[in-house]
Amino acid sequence: MINLQKKAVGRDFLATGTTMIEQLIELGKNIESKCKVSDDSFVPTCFKTLESFTPTLDLATFDKELANWMLSTELPEQLNVYNAFGQPPVTVFNNGEFVVDLYFWLHSDTSIHTHSFSGAFKVLYGQSLHEIYTVKEKQAYTKDVGMTELKRESIALLEAGDSHTIKAGEEFCHRVVHLKSPTVTLCIRSITDKNVPQWHYFENGLRILKRDLTEAIYKKLFYFEYLYLQNPQQATEFCTRYINNLDDSEVINLFEQLSIDSMGLSDESMEVLYDIIMSQYAELEWFKIYDRACHDANEVELPLNDSPRAYFLAHAKNTCYPKELINELVKKI
Ligand SMILES: [Fe+2]
């Protein structure tokens, strides 16, 4: 663990007069001067850069600094504006090829996933569990839904200061469970690689393509809400065609997004949307597996406002950690 209280007034920080945000932006500029995202050296350079970076502030002081920076600077183009990957995600550097992102984790974990991008991440504050998986495809239901054999290869604790590489594609599949709230991760990642699929996995091996929902998808959804207030029948027909025109993965990603946040949709229009999705999907074999996976997840409810240890024990029970490992890890949490 890093003693951040002491480092907050470290000599280097005061001597250079740079803020921690400026140091984070400098990390991006440094990498930019050394390599391109297409170079083999990009991932190791990101990793080494993160490895050598030590936060100069404790979290409370950094929160203040970030707040000031956000109000006094024109923010770089934000990578994620509206999703649950970080609450919130904040882009501090973006050169159109890669970003330096901060993710503030309060009450949600990542699913098991692969990446469409590469880079590295570091736990800046807090504590996380890191699970690494191998994946073997067993069956493709559609181009964006399939069944796999998913095997957990390792489980480790990530403490503040620990870094890890991110490799695009199926050779690196992982889940990060954030034990302390908030946990803050710093991630340096490419943003130009659009062709590698990013999969999200369920414990039973089902996988569904992760899709960023476009402005057009959101706009049609909001128009549906308006239309529903004017003419429910016309709105229902509009919504049926809307869902029909989406890929399976877009429907599921939308479905999951709405289960987190209704985005201004009324209960009535949500119900219409839900019924339309169910009428089109409920009888599909993969959707039944998906439905089961959602119901089976978190048999023990994750205690959001309890201790990191309680959160760990609930996750360990839900995902069948070996007893010896639970005993070993619980001592360190
Ligand atoms: Fe990841």
* Asked: When the Cα centres of segment 289-319 and segment 190-227 are compared, how far apart do they sit, in Å?
  -> 24 Å
* Over all directions, what mean area does the Cα convex hull of segment 63-115 project, stated in square nanometres? -> 4.5 nm²
* May I have the pair-distance distribution P(r) for segment 136-206, computed from all Cα-Cα distances with 10 Å bins from 0 and rounded to whole percent? => 14, 41, 34, 10, 0
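Please compute the contact order of segment 171-238 in relative form: average sequence separation of alpha-carbon pairs under 8 Å and at least six residues apart, divided by the residue count, as a percent.
Working: 23 pairs, mean separation 9.4, N = 68.
Relative contact order comes out at 14 percent.
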* Asked: If you add up the charges near residue 326, with Lys and Arg at +1 and Asp and Glu at -1, over every other residue whose beta carbon is less than 12 angstrom from its beta carbon, what do you get?
  -> +3
* At q = 0.14 Å⁻¹, what is the base-10 log of I(q)/I(0) for the chain according to the Debye formula with one equal point scatterer per Cα and no solvent? Please give it to two decimals. => -1.25
* Where does helix 267-281 land angle-wise versus the long Cα axis of the chain, in degrees 0 to 90, nearest 10? -> 80 degrees
* Can you list the trypsin sites (Lys or Arg not before Pro) in segment 76-149 that are in a DSSP coil and have 12 or fewer other beta carbons within 10 angstrom? -> 143
* Could you work out which residue, out of 195, 94, 298, moves most in a Gaussian network model of the chain, that is, has the largest mean-square fluctuation with Cα springs under 10 Å? => 195
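Mind scanning 36/143; 143/167; 136/210 and naming the pairs with a C-alpha gap bigger than 20 Å? Walk me through the intermediate numbers first.
Values: 36/143 31 Å; 143/167 22 Å; 136/210 18 Å.
Violating the 20 Å Cα-Cα cut-off are 36/143; 143/167.
How big is the Rg/Rh ratio for segment 17-92, C-alpha atoms only, Rh by Kirkwood, two decimals?
Rg divided by Rh gives 0.98.
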* Cα long-axis angle, helix 232-245 against the chain (0 to 90 degrees, to the nearest 10) -> 60 degrees
* Asked: Using modelled amide H (1.01 Å from N, peptide plane; none on Pro or chain starts), what sits under 5 Å from the amide H of residue 210, excluding residues fewer than 5 places away?
  -> 198, 199, 200
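Identify the trypsin sites (Lys or Arg not before Pro) of segment 173-239 meeting these criteria: DSSP loop state and at most 14 other C-beta atoms within 10 Å of the C-beta.
On the way: sites: 175, 180, 189, 194, 207, 210, 211, 219, 220; in loops: 180, 194, 210, 211.
Sparse-neighbourhood loop trypsin sites (Lys or Arg not before Pro): 194.
From Cα pairs below 8 angstrom and at least 6 apart in sequence, can you work out the relative contact order of the chain, rounded to a whole percent?
Working: 532 pairs, mean separation 51.3, N = 333.
This gives 15 percent for the chain.
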* What whole-number value in cubic angstrom gives the convex hull volume per residue for the C-alpha atoms of segment 65-223? -> 137 Å³
* DSSP loop GluC sites (Glu not before Pro) in segment 240-301 with at most 12 other Cβ atoms within 10 Å of their Cβ, which ones? -> 283, 299, 301
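Suppose a student asked you for the relative contact order of segment 97-224, using Cα pairs under 8 Å spaced at least 6 residues apart; what percent would you report?
Details: 306 pairs, mean separation 51.6, N = 128.
Here the relative contact order equals 40 percent.
Laboratory data are not the source of any read-out in this text; all were calculated from the coordinates shown. This structure is a prediction, so every number in the text was calculated from the model and none was measured. Using ideal geometry, Cβ is built from the backbone for each residue, glycine included, and neighbour counts are taken over all protein chains shown.
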